[in-house]
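The values are calculated or read from the model by the stated rules, or taken from the named source; none is laboratory data. Everything numeric in this text was worked out from a predicted model, so none of it was measured. Neighbour counts are summed over all protein chains in view; Cβ atoms, including those assigned to glycine, are modelled from backbone coordinates with ideal geometry.
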Amino acid sequence: MDRCIVLVDAGYLLGAAASLLAGEPSRSRITVDHAALIQALRERAESDTERPLLRIYWFDGAPDRVPQPEHRRLRVMPRVTVRLGALTRSDGRWAQKGVDAAMHAELTELARNRACSDVVLVTGDGDLLPGMMAAKEHGVAVHLWAVQAADGDYNQSEDLVAEADERRVLDRAWITQAVRAKELTGVCAPPPAPRPEIAAILSAPLPESALGTAAERPAEQSAHPPAAAVAENGAQERVTAPKGVPTPKDLAALRAPGAQPVQHPATATLRWSSDKGWVDRPGAVTEPAEVASMPTLAQLTTAEQRWADREEDITTVGGDPYEVGQVFARRWMSRLGDQGHLQRLSQMYPRIPHRIDGELLRYAARFGLLAHKDDQIDEHDRYAIRAGFWREVDVPAAAEQHAPAAD
């Protein structure tokens, strides 16, 4: 068939690009416009091979082979197929497992079935040499692309270079069409600038009931972890959390075997999370009636809607934490029968009832938003998920509140 196929080893392409642009092969040091990168690969492949593109195969590693947000964005692009191997951590470093084998299998199968006349390999791993040789024996022209090496280092197997029919180098000018190095301050990269909605959640005041009990609580039982706030110049500052609010550390101590009971105010809540931390008596957790009566999304969703939701998750939701929170909130609000729940929820800002908050975070976990060392969602991602949720809740609630009264 007179068409070309591109096989991309993402670990090689992005790692070499990071070395070239940022000085080290860590992909966390670069930002990638995946749509622009795919378009550039397609145009370059069709130009070099003088054949129309059939498909781009994107090979990458992921923890437990769970697609990450970037993989979700890639796999719904036209003419792109994502193949995932495992990503494991050993001696403090991440390593891909099974990616080379998957590329080898795909290459030989495509050549055996004569699915293309030309194949472009973007890789540097010599383990693909047998697959390259097998493809050539089936009459396929093999084009090998390299990423310009940093400081003259060689980043491709010499055996691959010798066996390839054609070879091209993707230079700095080509790479920077879609890849940028992150700016650094000193040694470490600066924290990402918070969205205004996240900043609002972090700096929102506590209920007066919780603040009113601050004087009753001994100093040694006050909340220890400081909360983040946003200064006038937009930079994050650390401020002391108001007293009278039990922190996760306090609650853990309360439940520890043999620990002395810690007396918290009856109206105290766990800040920025859910209402799980409402403490009535030591060891007892209760929820107000208006909170317990709020339905979850699962309770509001029919089997047909559940199928449609899954279809949307797979085909259109990219997996950005803020976007995930928005999608969940839109579905929940659109299916509410009693809009009074929405008004009560908006008055609880920035806390989300525990049942809904837990369901929201479980939904977000589907999109690979987990820090896999402890299977917990990253703290900044949790803020972004909840900020997206509140953004969607706040718009209709504000519109209803300011709507003119009927005559």
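In table form, for the structure just shown:
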{"item": "Filtered residues of segment 121-136 (kept if outside any helix (DSSP H, G or I) and either surrounded by 19 or more Cβ atoms within 10 Å (Cβ to Cβ) or not assigned by TED's automatic domain parsing to the domain that holds Glu46 (or both))", "result": "Leu121, Val122, Thr123, Gly124"}
{"item": "Candidate set: segment 311-339, residues that are at pLDDT 85 or above and small (Gly, Ala, Ser); chosen: the one farthest from Leu74 (Cα to Cα)", "result": "Ser334"}
{"item": "Within segment 1-120, strands (runs of 3 or more DSSP E) holding 2 or more residues that are touching a residue at least 60 places away in the same chain (Cβ under 8 Å) and in the same structural domain as Glu166 (by TED's automatic domain parsing)", "result": "4-9, 30-32, 53-62"}
{"item": "Failed condition for Gly139, given (1) assigned to a loop (DSSP other than H, G, I, E, B); (2) in contact with an Asp or Glu (Cβ under 9 Å, 6 or more places away or on another chain); (3) not β-branched (Val, Ile, Thr)", "result": "(2)"}
{"item": "Qualifying residues in segment 26-46 (those that are among the hydroxyl-bearing types (Ser, Thr, Tyr) and out of contact with any helix residue (DSSP H, G or I) (no Cβ under 7 Å at 6 or more places or on another chain)) - the one modelled with the lowest pLDDT", "result": "Ser28"}
{"item": "Residue that is surrounded by the fewest Cβ atoms within 10 Å (Cβ to Cβ), among those in segment 302-346 that are within 22 Å of the chain's Cα centre (by Cα) and not in a helix (DSSP H, G or I)", "result": "Thr316"}
{"item": "Any hit, segment 350-368, residues being at pLDDT 85 or above, aliphatic (A, V, I, L, M), in contact with a Phe, Trp or Tyr (Cβ under 8 Å, 6 or more places away or on another chain) and surrounded by fewer than 17 Cβ atoms within 10 Å (Cβ to Cβ)", "result": "no"}
